[in-house]
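Presented below is the structure to which this report refers.
Here, each number is a calculation from the coordinates, and none is a lab measurement. Note that the structure is a prediction, hence the values are computed from the model and not measured. Virtual Cβ from ideal backbone geometry, glycine too; neighbours counted across all protein chains shown.
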Amino acid sequence: MENQIKEQFHTAFYNVIRDSIVNNDFDHVVRLYKEIQDRLAKMLRKDGPSYNKLHEDFDVPFFEQRLRHNAFDGASMASLVHTTFAWIHNLQMPIRDSSTREAKQRVLEISGSMADIVPVYIKEVHGRIDIMEQDMKEFYENRDHPVVKEMLRQAMTKK
């Protein structure tokens, strides 16, 4: 029962995204794009160069402007997908690389309009970030484990 409710909720959520795009109402899509930027930024040091680069790559006002002026096309979407998944790849645990490649491929394989592609993009990207956050939580919770301590020691000696 709980899974049915979740599935119906997700279906309705992605239908709202699709309908928003069809109706040229981009507020929701821009908020979701900003949320992706924010979730990735939480994984970076605010005073580091990667933090600034992330905000350059995810230029929310520019993204919004392109959407509102019909200047966001298929090539723009493909570039967005590649950029987003590159960030995810660089921030995640290496063991997740193959499943991330598969998620990226699922987005790139969608043929159709932006209204077809964007919901899949949002679903796949947020799904990958959810996994990254879970991995970090588990790593933190197990930070006193001897294996984790050794990993951290080795990482610190490589710097």
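Which of the residues spanning the range 103-149 are in contact (Cβ under 8 Å) with a residue 24 or more places away in the chain, touching a Phe, Trp or Tyr at 6+ places or on another chain (Cβ under 6 Å) and not β-branched (Val, Ile, Thr)? The answer is Pro119, and nothing else. Within the bounds of the range 102-111, is there any residue that is surrounded by fewer than 19 Cβ atoms within 10 Å (Cβ to Cβ), closer than 22 Å to Asp25 by Cβ and of a type in the set (Asp, Glu)? Looking for residues that are surrounded by fewer than 19 Cβ atoms within 10 Å (Cβ to Cβ), closer than 22 Å to Asp25 by Cβ and of a type in the set (Asp, Glu), one finds none in the range 102-111, hence no. Checked against (1) aliphatic (A, V, I, L, M); (2) loosely packed, with under 12 Cβ neighbours inside 10 Å; (3) under 14 Å from the mean Cα position of the chain (by Cα), Leu40 passes all but a single condition, namely (2). Selection over the range 73-89 of residues that are of a type in the set (A, V, I, L, M, F, W, C) and surrounded by fewer than 19 Cβ atoms within 10 Å (Cβ to Cβ) gives a count of 4. Look through the range 1-25, keep the residues that are out of contact with any helix residue (DSSP H, G or I) (no Cβ under 6 Å at 6 or more places or on another chain) and aliphatic (A, V, I, L, M), and return whichever of them is surrounded by the fewest Cβ atoms within 10 Å (Cβ to Cβ). This residue is Met1. Within the range 43-58, the set of residues being surrounded by fewer than 13 Cβ atoms within 10 Å (Cβ to Cβ) and in a loop (DSSP other than H, G, I, E, B) comprises Arg45, Lys46, Asp47, Gly48.
When Val30 is tested against (1) of a type outside the set (Phe, Trp, Tyr); (2) under 20 Å from Ile117 (Cβ atoms); (3) touching a residue at least 60 places away in the same chain (Cβ under 8 Å), just one condition goes unmet, and that condition is (3). Would you call Asp25 acidic (Asp, Glu), more than 18 Å from the chain's Cα centre (by Cα), in a helix (DSSP H, G or I) and farther than 24 Å from Gln134 by Cα? Criteria not met by Asp25.
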